[in-house]
Amino acid sequence: MPRTIQCFCFFPFHIIILFLLFINANYSFSAAVNEKNNETSRGQNQYSLVHVGLVLHLDSRMGSMVDLCINMALSDFYSEHTNYQTRLQLHTKDAKSLLEANFAVLDLLKNEEVHGILGLQTATEDKFLAELGGKVHVPVISFTARSSTLPYSQNRYFIRTIPDDVYQAQALAAICQEFNWSEAVILYEDTESGIQFLSHLNKAFQESDIEIAYMSAITVSSEDNRILKELKKLMAKQPRVFLVHTNPSLGHRLFFLAKKAGMMSEGYAWIITYYLSNFLSSMDFIARDSMEGVLGIRPYVSWSKKLDSFQERWKRNMVLKNWTGSVRDLSIHGLWLYDTIHFLATAAEKIGLVNSSLLYGNTSKIGTDTTNLKISAFGPRLLNKLSRTKFKGLSGEFQLINGQLTPSALEIFNIIGNGERTVGFWTLDKGITRELNSTGEPTHTTPTKNLKNVMWPGDSVTRPNSGALPATVKLRVGVPVKHGFTEFVNVKIDAATNRTLATGFSIDIFLAALQLLPFPTKYVFCRYNDSKNSNWSYDNMLHEIPDQESF
């Protein structure tokens, strides 16, 4: 089976990339190297510069990582394509808040005359930037937005280079069907993106006839005692299947508290989305130990020599920069960002040299502001090339359909000890399958589509039921005292306890039937002896069974 990426880390993306195009045929530049190399190349090669603005919180843990990932992408791309006529050049701006980021966008649209914008990840921010991009014909490109509040027909200038959450929701519904779970409890982070994901999940579950038994919203600021109280409340309702959609920090706390509450034991099932599962490498021993037996899904990334080389160079850069802890790990978001840069550089090269007098058309007034922004004549061409660009990147096949990245296969894995064991995959076309071939397609050699065996919480191999586990059912069973046919029913009295004992073929069948019931049972035999009435019936016996009997 192809090797997969197992290690990921988490950091909140608060990033905007601005794609600016400025043509200067007399300026020599290499966007893939530093300023010294830029001076060396001057006079040797002539490039059309495609200015790319990057707006992020530089002091955040993610800021330095994004900057490094983009520069590595540019360096790799132009080292492989030395004969290309265009070069991307970064212009980085620091923005610590949404307000600062929006001002940066407007400033770059007005003063730098940008031809593309990458929007923030929340629905409100995406809507603002998408509408702004549509007004001035500037593509809005995001590698952080997992869903969109606007349909593609209304925001054709909004492009997402990350798979939509709707596919993750469909995969989770398929897993529940695979294990015959008719209901599940959803624990989700109380954010706008969490609520959006919940709407996708609700739709997928409805289409699969799966009920959401309970929904519990948890905020990042929730104290442990509040979360523990919520878990105990759910525990009292006796659900058995839980689906968790939170960021890693909140997720690790949640599972630690779930184990403390006794909910990581036999009979329970837990599934995590790739909002958490992509970043398991950042967990400490205590957090991982509390997640023993959990199922997870995450984007499947097949191994390649190019990916292996990139990971090694990434690790070396982490050592050189003296970055420690989870910040050193490479996430799937980093791969999507890396591929996004290749995606844009390829599209820009397909356009080639452009006469600067043909870059803009009329001006557009934004809202009630007096700001007049030029309408890009280049933006529609860039949008067209982006929609037609397809290549195989580090994250897999990279292609847009209806303005969003086509979904790759999702890996289904089981957390066991210090690692994870792959138990299957999900693809949009084939659903759940045990194996994928070297091209990432489901194999047809396995006899079934079922997942491999799963180790559940509590070191159990028994699949948990989705419904509440009922209390033990107590049965009072009448047995007749007969003087013949004792091979069928033979009733005796235990002299020490005065309890009724019964054996025989009919009793064996009864006991075997109890084993097939989906709930635990206790039983007591109640003897019926009416030697005076030879015409007794089973109705007579039922009426004589005592209402109270010691179990």
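Only one of these is touching a residue at least 12 places away in the same chain (Cβ under 8 Å) and of a type in the set (Ser, Thr, Tyr): Thr497, Thr521. Name it.
Selected residue: Thr521, the only one of Thr497, Thr521 that is touching a residue at least 12 places away in the same chain (Cβ under 8 Å) and of a type in the set (Ser, Thr, Tyr).
As an exercise: evaluate Leu228 against (1) crowded, with 20+ Cβ neighbours inside 10 Å; (2) farther than 19 Å from Ala169 by Cβ; (3) in contact with a Leu (Cβ under 7 Å, 6 or more places away or on another chain) and give the number of the one condition it does not meet.
Of everything listed in (1) crowded, with 20+ Cβ neighbours inside 10 Å; (2) farther than 19 Å from Ala169 by Cβ; (3) in contact with a Leu (Cβ under 7 Å, 6 or more places away or on another chain), Leu228 misses just condition (1).
Find the residue count for region 204-225, including only residues that are of a type outside the set (Ser, Thr, Tyr), closer than 19 Å to Thr191 by Cβ and either in contact (Cβ under 8 Å) with a residue 24 or more places away in the chain or in contact with a Leu (Cβ under 8 Å, 6 or more places away or on another chain) (or both).
5
Kindly indicate whether any position in region 301-316 is surrounded by 16 or more Cβ atoms within 10 Å (Cβ to Cβ) and assigned to a strand (DSSP E or B).
yes
Look at His200 and say whether it is open to solvent by less than 30 Å² (accessible area, probe 1.4 Å) and either under 26 Å from Gln170 (Cα atoms) or not acidic (Asp, Glu) (or both).
Criteria not met by His200.
Is one or more of the residues making up region 174-185 among the hydrophobic types (A, V, I, L, M, F, W, C), more than 22 Å from Glu411 (Cβ to Cβ) and outside any helix (DSSP H, G or I)?
Checking region 174-185: at least one residue is among the hydrophobic types (A, V, I, L, M, F, W, C), more than 22 Å from Glu411 (Cβ to Cβ) and outside any helix (DSSP H, G or I).
On the basis of being in a helix (DSSP H, G or I) and either more than 30 Å from Phe205 (Cβ to Cβ) or of a type in the set (S, T, N, Q) (or both), does His483 make the cut?
Taking the combined requirement at face value, the residue does not satisfy it.
Does Gln170 satisfy being free of Cβ contacts under 8 Å to residues at least 12 places away in the same chain and either open to solvent by 10 Å² or more (accessible area, probe 1.4 Å) or among the aliphatic types (A, V, I, L, M) (or both)?
No, not satisfied.
How many residues does region 186-197 contain that are in contact with a strand residue (DSSP E or B) (Cβ under 7 Å, 6 or more places away or on another chain), open to solvent by 20 Å² or more (accessible area, probe 1.4 Å) and part of a helix (DSSP H, G or I)?
Matching residues across region 186-197 total 0.
Can you report the number of residues in region 49-91 which are modelled with pLDDT under 90 and under 16 Å from Thr340 (Cα atoms)?
Qualifying residue count for the region: 17.
Of the conditions (1) in contact with a strand residue (DSSP E or B) (Cβ under 9 Å, 6 or more places away or on another chain); (2) modelled with pLDDT under 80; (3) under 12 Å from Pro480 (Cβ atoms), Asn533 satisfies every one except a single condition; which number is it?
(1)
Scan region 499-545 for residues that are assigned to a loop (DSSP other than H, G, I, E, B) and within 21 Å of Val473 (Cα to Cα) and jot them down.
Arg499, Leu516, Leu517, Pro518, Phe519, Pro520, Ile545
The values are calculated or read from the model by the stated rules, or taken from the named source; none is laboratory data. In this text, all values refer to a predicted model and were calculated from it rather than measured experimentally. A quick note on method: Cβ atoms are made from the backbone with ideal geometry, for glycine too, and the neighbour counts reach across all protein chains shown. Note: areas computed on protein heavy atoms with side chains; ligands, DNA, RNA excluded. Shrake-Rupley method; radii C 1.70, N 1.55, O 1.52, S 1.80 Å.
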